[in-house]
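Peer 1: Quick one: this structure, given as structure tokens, is what I'll be asking you about.
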Amino acid sequence: MGLLREVLLLPLAPVRGVVWVAEQVRDEAERQWSDPAVIQAELAEIDAMREMGTIDDAEADAREEELVQRLLSASAQQDQSLEVWEEGSDG
């Protein structure tokens with residue numbers, strides 16, 4: 001039965017492949033978006049731009065606030081994932 005199912009679903013293989021690639025891209029984008037090292041590098045870049053006069057203090061403050069919120073959100077998600085993992089390993 002499994003072989004018949006695979007033969008019937010074979011025309012959908014390219015679609016499943018595209019979906020898998022899209023999921024991988026999304027996962028990597030989320031990982032980079034919430035990576036503390038990336039966020040800290042962006043904060044350093046904003047600080048350098050402020051010192052060079054490329055951006056004003058108000059814009060720098062707004063960008064920094066956004067990055068700090070991303071960092072806090074990433075930290076909360078990591079804590080939540082750790083709690084779920086710990087609950088699963090207790091069983």
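Peer 1: Considering only protein heavy atoms, what is the solvent-accessible area of Glu23 at a probe of 1.4 Å, reported in Å² to the nearest 10?
Peer 2: Estimated to the nearest 10 Å², Glu23 gives 80 Å².
Peer 1: Show that you can apply the helix-only estimate: for the chain, add -39,500 (n - 2.57) for every DSSP H stretch of four or more residues, divide by all residues, and state [θ] at 222 nm to the nearest 500.
Peer 2: Numbers: 4 runs with 80 residues, N = 91.
Roughly -30500 deg cm²/dmol at 222 nm, from the helical runs in the chain.
Peer 1: Roll a 1.4 angstrom probe over the protein heavy atoms and tell me the percent of accessible area of the chain that is carbon or sulfur. Let's see the in-between values first.
Peer 2: Values: 4390 of 7340 Å².
Carbon plus sulfur share of accessible area: 60 percent.
Peer 1: Rg(Cα) of the chain divided by 2.2 N^0.38 Å?
Peer 2: Details: Rg = 21.3 Å, N = 91, 2.2 N^0.38 = 12.2 Å.
Taking N as the residue count of the chain, the ratio is 1.75.
Peer 1: Work out from phi, with θ = phi - 60° and the Karplus expression 6.51 cos²θ - 1.76 cosθ + 1.60, the ³J(HN,Hα) of each residue of the range 52-59, listed in order in whole Hz, and give x for Gly and Pro.
Peer 2: 7, x, 5, 10, 8, 4, 5, 5
Peer 1: Taking amide hydrogens as modeled 1.01 Å from N in the peptide plane, which residues meet the under 5 Å criterion relative to Ile55, leaving out close sequence neighbours?
Peer 2: The answer is Arg50.
Peer 1: I would also like to ask the following. If I stretch the segment between Leu72 and Ile55 completely, what's the gain in nm (0.36 nm per residue apart, minus their alpha carbon distance), one decimal?
Peer 2: On the way: separation 17, 0.36 × 17 = 6.12 nm, distance 2.41 nm.
Extra length available between Leu72 and Ile55 comes to 3.7 nm.
Peer 1: Net charge near Glu66: determine it from the other residues with C-beta under 12 Å of the C-beta of Glu66, scoring Lys and Arg +1 and Asp and Glu -1.
Peer 2: Values: positive: Arg63, Arg70; negative: Glu42, Glu59, Asp61, Glu64, Glu65.
Result for the local shell: -3.
The values are calculated or read from the model by the stated rules, or taken from the named source; none is laboratory data. None of the values given here were measured: they were computed from a predicted structure. Ideal geometry is used to build each Cβ from the backbone, glycine not excepted, and the neighbour counts take in all protein chains shown. Note: accessible area is taken over every heavy atom of the protein model, side chains too, but ligands, DNA and RNA are not part of it. Shrake-Rupley method; radii C 1.70, N 1.55, O 1.52, S 1.80 Å.
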